[in-house]
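**Q** Dropping a structure here in structure tokens format, bear with me for questions.
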Amino acid sequence: MNLVHIHPEFKHLEAELLECIAHFDEAGTYVTKGERNTIKSFTIDKEIVNVKSFKTPKAFNSFIYKNVRKSKARRSFEYAKRLTEAGILTPFPIAYVENTSAMGLTTSYFVSKHIDYDLDFRVLIHNPLYEDRDEILRQFTQFTYKLHENSVNFLDHSPGNTLIVKNEGGYDFYLIDLNRMRFESMDLSKRMENLKRLWLSKKMIRIVAQEYARISNESFETVYDLLLESSRGFKLRVNRKKRFKRKYLNKK
């Protein structure tokens, strides 16, 4: 392992963490197994941790990630650390590991604390009758406003990347899959553009717009129009691509 970076609070578990990574393929329990990235959970000293293994990049990107740009694993760690310091919830960043060859980055891993969550944002989309749905949406909007006020532009602000935990006073929201993020000031138009990937229904758009307008002191009409426009535009582009792919595949 060429580069190992561990949060000071978990330095005492370095040997165990590296053992998990060394035996990632044959040990641990699958959390998600995708074509690009795989996440497994491990128990270390009564602490459940998630280890995310990033797909080995192709030759050009391999060189870039070693010599020019930070790896996805490193960005995930650093962005999580920055969010945590700002009081924004995300699984606590424990470590990242990068392995390289003479040609570039080969394998990389991001380790974080495991979160036991009740649902993710996708549930609110697929189940309009979900209990307390409107209130969850309002509290999620407050969470997103906090992101924006902290100059966090989460480029993957999509339904699968927000985990929701119910607590006594309401709901907590945890961001995951953090490697695409910008830290910049955003005007209202850009803030509403940031919500386009959530695939909100028209009713959801109204609830989110009402709450965002209330806490930001913007007019509801302005917030609603901007959010509706960005959401519709995104859905049209996605559906157009899907139709094109289907048409192309049918011709083959």
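**Q** Neighbouring Cβ atoms within 10 Å as the yardstick, rank Val208, Val123 fewest first.
**A** Ascending number of Cβ neighbours within 10 Å: Val123, Val208.
**Q** Filter the cross-link list Lys58/Lys245; Lys203/Lys235; Lys72/Lys146; Lys113/Lys241; Lys40/Lys72 down to pairs whose alpha-carbon distance in this structure exceeds 26 Å.
**A** Distance filter (> 26 Å) returns Lys113/Lys241.
**Q** A follow-up question, please. Just name one of Met192, Asn61, Ile136: the one whose Cα is farthest towards the positive end of the charge dipole of the chain (beta-carbon charges, Lys/Arg +1, Asp/Glu -1).
**A** Selected residue: Asn61.
**Q** Among His126, Pro91, Leu3, pick out the residue whose Cα is farthest towards the positive end of the charge dipole of the chain, where Lys and Arg carry +1 and Asp and Glu carry -1 on C-beta, about the Cα centre.
**A** His126
**Q** Sort His157, His7 so the one with the fewest other Cβ atoms within 10 Å of its own Cβ comes first.
**A** With the sparsest Cβ surroundings first, the list reads His7, His157.
**Q** Given the C-alpha centroids of the stretch 110-171 and the stretch 1-70, what is the distance between them in whole angstrom?
**A** 25 Å
**Q** Set Lys and Arg Cβ to +1 and Asp and Glu Cβ to -1, take the dipole of the stretch 3-113 about its Cα centre, and tell me which of Phe42, Phe24, Leu105 lies farthest positive.
**A** Final value for the positive-end residue is Leu105.
**Q** Using the Karplus curve 6.51 cos²θ - 1.76 cosθ + 1.60 with θ = phi - 60°, what ³J(HN,Hα) values do you get for each residue of the stretch 203-216, in whole Hz, with x for Gly and Pro?
**A** Going residue by residue, I get 5, 5, 4, 5, 5, 5, 5, 4, 6, 5, 5, 4, 7, 9 Hz, with x marking Gly and Pro.
**Q** State the label only: which of (i) 55, 54, 34; (ii) 48, 39, 35; (iii) 61, 41, 35 corresponds to Cα extents along the principal axes in Å computed from the shown model?
**A** Of the listed options (i) 55, 54, 34; (ii) 48, 39, 35; (iii) 61, 41, 35, (i) comes from this structure.
**Q** Go ahead and estimate [θ] at 222 nm for the chain from helices alone: -39,500 (n - 2.57) per DSSP H run with n ≥ 4, summed, over the residue count, rounded to 500.
**A** Rounded to the nearest 500, the figure is -13500 deg cm²/dmol.
**Q** Still on this structure: Taking the Cα centre of the stretch 168-243 as origin and charging only Cβ (+1 Lys, Arg; -1 Asp, Glu), how large is the dipole, in debye to the nearest 20?
**A** 820 debye
**Q** Taking neighbour Cβ counts within 10 Å as the exposure measure, how do Phe183, Phe121 sort from fewest upward?
**A** Phe183, Phe121
**Q** How large is the charge dipole for the stretch 88-239, taken about the Cα centre, if only the Cβ atoms of Lys, Arg (+1) and Asp, Glu (-1) carry charge, to the nearest 20 debye?
**A** Here the stretch 88-239 has a charge dipole of around 500 debye.
**Q** Here's another thing I want to ask about it. Report the relative contact order of the chain, percent, no decimals, based on alpha-carbon pairs under 8 angstrom and at least 6 residues apart.
**A** 15 percent.
**Q** Further question: With +1 on the Cβ of every Lys and Arg and -1 on the Cβ of every Asp and Glu, and nothing else charged, how large is the dipole of the stretch 3-113 about its Cα centre, in debye rounded to the nearest 20?
**A** The calculation lands at about 640 debye.
**Q** Now a separate question. Take every Cα pair under 8 Å in the stretch 3-113 that's 6+ residues apart, average their separations, divide by the length, and report that relative contact order as a whole percent.
**A** About 28 percent, as a whole number.
**Q** Once both axes come from the Cα atoms, what is the angle between helix 220-251 and the longest principal axis of the chain, in degrees from 0 to 90, rounded to 10?
**A** Taking the Cα atoms of the chain, the angle to 220-251 is about 60 degrees.
**Q** What ranking, highest mean first, results for peptides 163-169, 103-109, 80-86 when packing means the other Cβ atoms within 10 Å averaged over each residue?
**A** 103-109, 80-86, 163-169
**Q** Follow-up question, since we're still on this one. Rounded, prolate or oblate: pick one for the stretch 133-217, where a ≥ b ≥ c are the square roots of the eigenvalues of its C-alpha gyration tensor, a/c under 1.5 means rounded, and failing that, prolate if a/b is larger than b/c, else oblate.
**A** rounded
FYI, it's all coordinate maths here, none of it is from the lab. Treat the numbers as computed from the prediction; the structure is a model and nothing was measured. Quick reminder, even Gly has a Cβ in these numbers, built from the backbone with ideal geometry, and neighbours come from all protein chains shown.
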